[in-house]
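Chemist: The structure that follows is given in the form of structure tokens.
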Amino acid sequence: KLLRETVCQALGHEEGDQQVWAERAVDLGCGSGQSGAQFRQCVKHLTGVDLSPEMAEEARESSCYDRIIVGDAECALHENNQNGQEGRTWYDFIFACDLFPYVEDLQPIFQTVRKGLEFKGGTLAFSVELLDESLNASNEEVADPGFVMQSCARFAHKRWYISQLCQEFGFHELLRKESTVLRQHCGKDVHGALVVLELPPSEAV
């Protein structure tokens, strides 16, 4: 729900508005379908993607998605046409709720998302757990990858790393909400950020 509220705020939509504002969307790391349910009424066609067959089956049973894919983000870019031939598909909205903490290097995902949105431009929204560092921190050490594995076996990413990926793949930041409580671990709040990015039509191929 927090991610949907952030997206609505970034795009200028009223929370609770039943208007459809995305034609084709994909939920990366859809899990059982809870995140997809939050955006279902806003999207004409919704695809859910998850690596786990068990989670994908739960998502299918939720009846929230028009299409379910077992695989990684790249799999969402391919779709069979009426003749059974595989082709590239496109999206105008891609979101990932609680996926990035399970991924160390986010560059492949950003590259895939750009491919999915580049046909006509669109929006990327995600949650991310951030390292506790200065807002102005930068990659001063060449060997710094921009992410670390936390004691809870989830990855936290650095602010400069997220900003660098946005610039590298042509995204413009619409809204970033930091200090958001994303979850709890051992009775303590885990803070992070909710981020909404735009791939402008001028940046689309």
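The values are calculated or read from the model by the stated rules, or taken from the named source; none is laboratory data. Just so it is clear, the model here is predicted, and its values are computed rather than measured. Ideal geometry is used to build each Cβ from the backbone, glycine not excepted, and the neighbour counts take in all protein chains shown. Only protein heavy atoms, including side chains, enter the accessible area calculation; ligands, DNA and RNA are left aside. Shrake-Rupley method; radii C 1.70, N 1.55, O 1.52, S 1.80 Å.
Chemist: Looking at the range 58-79, is at least one residue on the phi < 0 side of the Ramachandran plot, surrounded by fewer than 18 Cβ atoms within 10 Å (Cβ to Cβ) and aromatic (Phe, Trp, Tyr)?
Modeler: No.
Chemist: What number of residues in the range 1-19 are open to solvent by less than 50 Å² (accessible area, probe 1.4 Å) and either aliphatic (A, V, I, L, M) or in contact with a strand residue (DSSP E or B) (Cβ under 9 Å, 6 or more places away or on another chain) (or both)?
Modeler: 5
Chemist: Considering only the range 26-110, give the strands (runs of 3 or more DSSP E) lying wholly within it that have at least 1 residues that are in contact with a strand residue (DSSP E or B) (Cβ under 6 Å, 6 or more places away or on another chain) and in contact (Cβ under 8 Å) with a residue 12 or more places away in the chain.
Modeler: Result: 43-50, 67-70, 93-96.
Chemist: Among the numbered criteria (1) surrounded by fewer than 17 Cβ atoms within 10 Å (Cβ to Cβ); (2) assigned to a strand (DSSP E or B), which single criterion is violated by residue 192?
Modeler: Residue 192 satisfies every listed condition except (1).
Chemist: Identify the residue in the range 111-121 that is assigned to a helix (DSSP H, G or I) and not aliphatic (A, V, I, L, M) and, among all such residues, is least open to solvent (accessible area, probe 1.4 Å).
Modeler: Only one residue tops the list, namely 116.
Chemist: Across the range 86-106, what is the total count of residues that are modelled with pLDDT of 95 or more and either open to solvent by 10 Å² or more (accessible area, probe 1.4 Å) or of a type in the set (Ser, Thr, Tyr) (or both)?
Modeler: 2
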